[in-house]
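These notes concern the structure reproduced below.
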Amino acid sequence: MYTFNSRIRYSELNSQGFLSTEALMNYFQDCSTFQSEDLGIGLEYLDEMNAAWVINSWQVDIIRYPKLGENVIIGTIPYDIKGFVGCRNFYMDTLEGERLAIANSVWALINIEKGTPVKVTSKMLEGYKISEKLPMDYQGRKISFPTDGNIRTLNEIIVQPFHLDTNQHVNNNQYINMAKDCMRLLDGNDKKIPVISRIRAEYRMQAHLGDTIYPVCSTQNKDGSVVYTVSLNDGSGKAYSIVEVTSLKKDERNV
């Protein structure tokens, strides 16, 4: 297990004064990056290999959103590494041990130029100590776009420089931000959107600078929650990413 402590900053808040989902996921990504850097198998090591870790799927369950100034602990646990695939849990807790959020993620090590799998090295296997995965309600990695419910096609998105990460393709968190923007549009252009309790994302292709993304969104009511499924497609209808967001009732807003 690898952890670091932080305090919720004003710059990390949403318009309602709570930690934003974007900032939460940035904390998780930073945590695994810090671990890799501290182990000597971070960005410089990957550059020498001409390789990168690319995420295949996320599941993030949010129990409570912390407020400004709260002290938190962010942790990550690699629990499986086989071939070119690695699996990680993440969590955010208060200093008193209250669990605020928990996540599961699946990553693939690929050659940047060829896009082909790269086998995990012995140095990585030695550095990433495997632990038991955390208890959570694990959902499947694959997300199917619903064929029923309220389905709408929304305005296209042109990939801008701010969407990109160091691998020069759209960062996984940016797809989730695009999906949240689609939710706002479906909710009558309201600046607020329902409280998000779960985010699932599956990544299928890489989008690059200048690419056009065509969002299609389905809205369904399930067990007292609203489930938004956003397929972020290329011009032929193939998904770059499919994002599923589960929210609480529409009168309970803060995200």
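For the reader, a short list of remarks on this structure follows.
- Taking the stretch 82-192 as the region of interest, the strands (runs of 3 or more DSSP E) fully inside it that hold 3 or more residues being small (G, A, S) and open to solvent by less than 70 Å² (accessible area, probe 1.4 Å) are 99-111.
- Only a single item in (1) in contact with an Asp or Glu (Cβ under 9 Å, 6 or more places away or on another chain); (2) modelled with pLDDT under 95 is not met by I199, and it is number (2).
- In the stretch 207-250, counting only strands (runs of 3 or more DSSP E) that sit wholly within it, the ones holding 2 or more residues that are over 22 Å from V159 (Cα atoms) and polar (S, T, N, Q) span 212-222, 239-247.
- For the stretch 208-232, a residue qualifies if it is open to solvent by less than 20 Å² (accessible area, probe 1.4 Å) and touching a helix residue (DSSP H, G or I) at 6+ places or on another chain (Cβ under 8 Å), and the qualifying residues are I213, P215, C217, Y228, V230, L232.
- The stretch 42-67, subset of a type outside the set (A, V, I, L, M) and part of a strand (DSSP E or B), residue surrounded by the most Cβ atoms within 10 Å (Cβ to Cβ): W58
- Filtered residue count, the stretch 68-77, keeping only those that are out of contact with any helix residue (DSSP H, G or I) (no Cβ under 6 Å at 6 or more places or on another chain) and in a strand (DSSP E or B): 5
- Residue in the stretch 79-92 that is among the acidic types (D, E) and more than 21 Å from the chain's Cα centre (by Cα) present: no
- Selection from the stretch 68-81 of residues that are small (G, A, S) and either within 21 Å of N173 (Cα to Cα) or crowded, with 19+ Cβ neighbours inside 10 Å (or both): G75
The values are calculated or read from the model by the stated rules, or taken from the named source; none is laboratory data. None of the values given here were measured: they were computed from a predicted structure. Note that each Cβ is placed from the backbone with ideal geometry, even for glycine, and that neighbours are counted across all protein chains shown. Surface areas here come from the heavy atoms of the whole protein model, side chains and all, with no ligands, DNA or RNA. Shrake-Rupley method; radii C 1.70, N 1.55, O 1.52, S 1.80 Å.
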